[in-house]
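To start, the structure itself, in structure tokens.
The values are calculated or read from the model by the stated rules, or taken from the named source; none is laboratory data. A quick note: this is a predicted structure, and the numbers were derived from the prediction, not measured. Because the Cβ atoms are built from the backbone with ideal geometry, glycine has one as well, and the counts that use them run over all protein chains shown.
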Amino acid sequence: MYDIRKEQAEDWWDVESLLDLTFAPGREALSSYRLRDGIDAVPELCLVARDSYGIIGGTIRFWPINIGNKKSRALLLGPIAVHPTRQAEGLGGQLMRSSLELAKQQGWFRIILVGDESYYGRFGFKNANFLKYPPPTNPDRLLYLALENNAFQDVSGLISRAE
Ligand SMILES: CC(C)(COP(=O)(O)OP(=O)(O)OC[C@H]1O[C@@H](n2cnc3c(N)ncnc32)[C@H](O)[C@@H]1OP(=O)(O)O)[C@@H](O)C(=O)NCCC(=O)NCCS
């Protein structure tokens, strides 16, 4: 049983340690981090899951981004990570569903991420071949979710940093 709450300042090092453990070394060299550098995450959507002993089991964070020449507002989902000893028990799904519901409630309607469609497809994400992600990124892994009908209509092009 996990307590899922908004990430607080005091969660920072536990979250960073979990991300270091879960992802390959050098994660901060990924192009996603260039979209995040110097820009605050969206605090209302960054969640931390702790067990009844207070031990961190999972994290999810979101950043604002822009899409295309029109600079359409969207969210970049990630990183999401579940501790290796706690994976495949449903926690990732809980973090996804809780944060997507919050995003909807808070008026966001476009979300993108870089990840496996075979996992994120269950939450409604689809391949975003009409979008371009800063290289080097495998375009097959660029996915989108519209939280509102037609949210991506007339939205295409390069994903860039929110300003
Ligand atoms: C991806 C991740 C967040 C999922 O969290 P989780 O708690 O393990 O996932 P859930 O328990 O909700 O779901 C488990 C299911 O997802 C599947 N799954 C997990 N990672 C997957 C992946 N990369 N591709 C396809 N399926 C995946 C499992 O096989 C399992 O399938 P089943 O439901 O058919 O049994 C977690 O496995 C993780 O932290 N992985 C390493 C870091 C990572 O890759 N983060 C995402 C970067 S985009």
Q | So residue 151, is it more than 23 Å from residue 31 (Cβ to Cβ), within 9 Å of the ligand (Cβ to nearest atom) and aliphatic (A, V, I, L, M) | A | no
**Q.** Qualifying positions in segment 121-137 - at pLDDT 95 or above and in a loop (DSSP other than H, G, I, E, B)
**A.** 124, 125, 128, 129, 130, 133
**Q.** Sole residue being surrounded by fewer than 17 Cβ atoms within 10 Å (Cβ to Cβ) and in contact with a strand residue (DSSP E or B) (Cβ under 7 Å, 6 or more places away or on another chain), chosen from 118, 98
**A.** 98
Q) Considering segment 124-136 alone, what residues qualify as being touching a residue at least 60 places away in the same chain (Cβ under 8 Å) and either touching a Leu at 6+ places or on another chain (Cβ under 8 Å) or of a type in the set (D, E, K, R) (or both)? A) 131, 133, 134
Q.
Just checking: which of the strands (runs of 3 or more DSSP E) contained wholly in segment 1-89 hold 2 or more residues that are under 28 Å from residue 130 (Cβ atoms)?
A. 56-67, 72-82
Q. Just one of 30, 21 is surrounded by fewer than 13 Cβ atoms within 10 Å (Cβ to Cβ) and within 15 Å of the ligand (Cβ to nearest atom); which is it?
A. 21
(Q) Just to verify a result, which residue in segment 53-89, among those that are over 11 Å from the mean Cα position of the chain (by Cα) and of a type in the set (S, T, N, Q), is farthest from residue 39 (Cα to Cα)? (A) 85
Q | Restricting segment 37-67 to residues that are within 16 Å of the ligand (Cβ to nearest atom), of a type in the set (A, V, I, L, M, F, W, C) and in contact with a Leu (Cβ under 8 Å, 6 or more places away or on another chain), the residue that is farthest from residue 19 (Cα to Cα) | A | 65
Q) Could you count how many residues in segment 18-74 are among the hydroxyl-bearing types (Ser, Thr, Tyr) and more than 25 Å from residue 91 (Cβ to Cβ)? A) 2
